[in-house]
Amino acid sequence: MNIVLDILLLLITILYSYVESLVKFFIPRRRKSVAGEIVLITGAGHGIGRLTAYEFAKRQSRLVLWDINKRGVEETAGQCRKLGATVHVFVVDCSNREEIYSSVNQVKKEVGDVTIVVNNAGAVYPADLLSTKDEEIAKTFEVNILGHFWITKALLPSMMKRNHGHIVTVASVCGHGVIPYLIPYCSSKFAAVGFHRALTLELQALGKTGIKTSCLCPVFVNTGFTKNPSTRLWPVLETEEVARSLIDGILTNKKMIFVPSYVSISVMLEKFLPERALAAIHRVQDIQFEAVVGHKIKMK
């Protein structure tokens, strides 16, 4: 009898969820304030990390900026200070676990407990698998996913104690669908999406509903890490647009943030379309970027 009631409750919940989503589509979501929150952003010296720091600075957050590039992160900090934010800069290698733990302890002593973390630092080496060096594969995973584990493990206890915080995972549409000549990158981003989803469910199971999670999944972004990207169906995004979408998702506690938003339709279709159709879609997309193939740089 209990299973019948559980199934009935499940059906009611599904129906309610669809109605709720429909209502939210027409009614703007309520936005939370991040003023005074201590926000840690990794990879803040360039691209999405830098522009996201600007967005938080405009909203009077206290910023903790990490990057391996000292000059880049200090330039970001200078602009954030002009916007009126209090900023603390740390030069950190997000592929180094011990350096991450040491830096988190330093942040706690000098600044306080981080309440929002944006795990943005990333690495990508466009090449076919046989041309990709072993150390490049290792670095991709160390930065793109293992760093997320070490940073989150270090920051989560204080968030759980207060049942307050927000953990942001910067992944990619490559965490939902694959592209040739980016095998390590796609694999690491699949792991990042899985990390976000599993962490979200675990926090719910632990009753820590005050700790929110978001996952950013944009298409190609013009950050310079991937040279000369282009596609027929997707735009190549500018960092400003991605940062605005990210801050909007954070302020409304959105779980999965696709940029552009219609990419979510493509992700859903991939779960149902046969392999031949998916291959045809890939040909129509005609995704191009510079990659090392057979030890030579080619547009692929």
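Any read-out appearing in this document is the output of simple, stated calculations on the displayed coordinates, not a laboratory observation. Computed from a predicted structure; not experimentally measured. In this analysis, Cβ positions are derived from the backbone assuming ideal geometry, glycine residues included, and neighbour counts consider all displayed protein chains.
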Q) Per-residue HN-Hα couplings for region 93-107, Karplus 6.51 cos²θ - 1.76 cosθ + 1.60 at θ = phi - 60°, whole Hz, x for Gly and Pro? A) 8, 6, 9, 10, 4, 5, 5, 5, 4, 5, 5, 4, 4, 5, 4
Q.
For the chain, what does the relative contact order come out to in percent, with C-alpha contacts under 8 Å and a separation of six or more?
A. 16
Q. Put +1 on the Cβ of every Lys and Arg and -1 on every Asp and Glu Cβ in region 148-256; which of 188, 199, 242 then has its Cα farthest towards the positive end of the dipole?
A. 199
Q) What FRET efficiency comes out for the pair residue 82/residue 273, r = Cβ-Cβ distance, R0 = 51 Å, nearest 0.05? A) 0.55
**Q.** Antiparallel content of DSSP bridges confined to region 190-300, in %, to 5
**A.** 50
Q: Output ³J(HN,Hα) for region 129-142: one whole-Hz value per residue in order, computed from phi by the Karplus curve 6.51 cos²θ - 1.76 cosθ + 1.60 with θ = phi - 60°, and x for Gly and Pro.
A: 4, 6, 8, 7, 6, 4, 5, 6, 5, 4, 5, 4, 6, 4
Q) Across 20 Å bins from 0, what is the distribution of all Cα-Cα pair distances for the chain, in whole percents? A) 31, 56, 12, 0
(Q) If amide hydrogens are placed 1.01 Å from N in the peptide plane, which non-local residues have theirs closer than 5 Å to the one on residue 213? (A) 167
Q.
How many angstrom lie between the Cα centre of region 31-68 and the Cα centre of region 81-99?
A. 10
Q: Work from the charge dipole of region 73-204 (Cβ charges, +1 for Lys and Arg, -1 for Asp and Glu, about the Cα centre) and give the residue of 165, 94, 152 farthest towards its positive end.
A: 165
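Suppose R0 equals 25 Å. What FRET efficiency, 1/(1 + (r/R0)^6) with r the Cβ-Cβ distance, do residue 111 and residue 253 give to the nearest 0.05?
0.55
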Q: Calculate for the chain the 222 nm mean residue ellipticity that helices alone would give, adding -39,500 (n - 2.57) per DSSP H run of length 4 or more and normalising by residue count, nearest 500 deg cm²/dmol.
A: -15500 deg cm²/dmol
